[in-house]
């Protein structure tokens, strides 16, 4: 059976030893220093892991002439076709299990986990606890670059997760069929501070659950039963299927989305453009407090 949500460090060790078709991705990143993740990867990574750079590989910040991103915001999603071309270029195929990790509390690897689901690939799991859990379990690490992979052919399948647009979120605002869930820290959600975007506040009616609340003191996701209780308390009877996740730029919303699936409440939708796209149009309403 493929791993589709979380995988533990011992389970990954066993999977690597089994020889099954597998690709491991290191998604370490730092918003304030975009190359810090690359340097961290070169200093220490799981042997054989491919580095996935948030800005270059998992976002479309410099589209080619005529090329359209799949979302707006500070980290626009590439089209599914461009993403599939990148997967093919690094040798990833439809028959492989993918395991993604970072060293940032799952703040960045969730992006690749979700994108693979969006590309129709279900066999992708997040390494619970990240690189820290791997080394704590005695997992080996390597320094330096990995040899280039032989290109392969990854074929897109029907999306397994829903991407919501700004227009769709706006059209459903205030209706029973949509529950917006904002993953930003509470002061940003309330509009008290805004370090990154030109407008402070949140989408009217959005609920707030900072993405860090999914992680226990040991760096791993909280137990499924506890996550389920916490999300149900937040939703207060709203159906889980109505949830649309967002954050500042569509990246740190994904620990919430993954946590809902770990809790047995998913899958749910992602508004990848998030607050950075929402607040770019002054015609869209803003709420504070």
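Nothing in this text is a laboratory measurement; each read-out follows from the coordinates by a stated rule. Note that this is a predicted model, so its numbers are computed, not measured. Glycine also receives a Cβ, built like all others from the backbone with ideal geometry; neighbour counts cover every protein chain displayed.
Quick notes on this one:
- Angle in degrees between helix 80-89 and the longest Cα principal axis of the chain, rounded to the nearest 10: 20
- Degrees between helix 9-18 axis and first principal axis of the chain (Cα, 0 to 90, nearest 10): 40
- Largest GNM mean-square fluctuation among 138, 273, 205, using the chain with Cα springs under 10 Å: 138.
- The three principal axes of the C-alpha atoms in the chain carry coordinate ranges of 51, 48, 35 Å, sorted with the longest axis first.
- Between 198, 159, 255, the residue with the greatest mean-square fluctuation in the GNM of the chain (Cα pairs under 10 Å linked by springs) is 198.
- Computed over region 41-102: relative contact order in percent, which uses C-alpha pairs under 8 Å that are six or more apart: 21
- Normalised radius of gyration (Cα atoms, divided by 2.2 N^0.38 Å) for region 112-187: 1.66.
- Pair-distance profile P(r), taking every C-alpha pair of region 6-106, with 5 angstrom steps and integer %: 2, 11, 20, 21, 20, 15, 7, 3, 1, 0
- Net lengthening on full extension, residue 153/residue 229 (0.36 nm per residue, minus Cα-Cα): 23.2 nm
- Helical contribution to [θ] at 222 nm, DSSP H n ≥ 4, -39,500 (n - 2.57), averaged over the chain, rounded to 500: -7500 deg cm²/dmol
- Cα convex hull of region 166-278 - mean projected area over all directions, nm²: 6.7
- Whole-Å distance, taken between Cα centres, linking region 229-289 and region 208-227: 16
- Over region 214-263: Kirkwood hydrodynamic radius from C-alpha pairwise inverse distances, Å: 11.5
- Full extension of the segment from residue 13 to residue 32, taken as 0.36 nm per residue of separation minus the current Cα-Cα distance, would add 3.6 nm.
- Sorted fewest first by neighbouring Cβ atoms within 10 angstrom, 3, 189, 101, 108 come out as 3, 189, 108, 101.
- The ranking of 268, 212, 38 by Cβ neighbour count inside 10 Å, starting from the fewest, reads 212, 38, 268.
- Convex hull per residue volume in Å³, alpha carbons only, for region 167-206: 76
- Gain in span if fully extended, residue 162 to residue 39, counting 0.36 nm per residue against the direct Cα distance: 41.0 nm
- Degrees separating the helix 109-118 axis from the principal Cα axis of the chain, which is the longest one: 80
- Exposure proxy for 1, 96, 260: other Cβ atoms within 10 Å of each Cβ, ordered fewest to most, give 1, 96, 260.
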